[in-house]
Amino acid sequence: MWMLKWLGVALLLILLLGFSMLNLDQLVDIDLFFWQFQEVPLILVIFEAFIIGMLVWFLIAFVNEIKLRGQLRSLSRDRDEVHEELQALRNQPLEELDMEDLPAEAEEDVD
């Protein structure tokens, strides 16, 4: 649910940046390894950097969510196994106790 909330916030910010692109006219030159771009609007560069950052964040959050769900599934399975073992132990009959093996305090409790 939290991912949907942040995705909505991201979409709102994308819309705000889109409107700001219409109003700014600063041009910059970009040298990106082997590519060169001349007279690119600055807001477009900022907007693209924002989009790439959001995609990287989303991918990292998605991988983390999948990992956490796997851990949750594993822990739930372990909990179910322990619960079944506990139920099996509760259903076992009690064996007769020798009164000689009990300490003195326990003998008082049994009587």
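Throughout, read-outs are computed from the coordinates displayed, never taken from laboratory work. In this text, all values refer to a predicted model and were calculated from it rather than measured experimentally. A quick note on method: Cβ atoms are made from the backbone with ideal geometry, for glycine too, and the neighbour counts reach across all protein chains shown.
Using the Cβ-Cβ distance between L59 and L86 with R0 = 41 Å, the FRET efficiency computed as 1/(1 + (r/R0)^6) comes to roughly 0.50.
Please state the shape class of the range 12-73: rounded when a/c is under 1.5, otherwise prolate if a/b exceeds b/c and oblate if not, all from the C-alpha gyration tensor. Oblate.
Segment M21..Q36, full-extension length gain: 3.3 nm, with 0.36 nm per residue of separation and the alpha-carbon distance subtracted.
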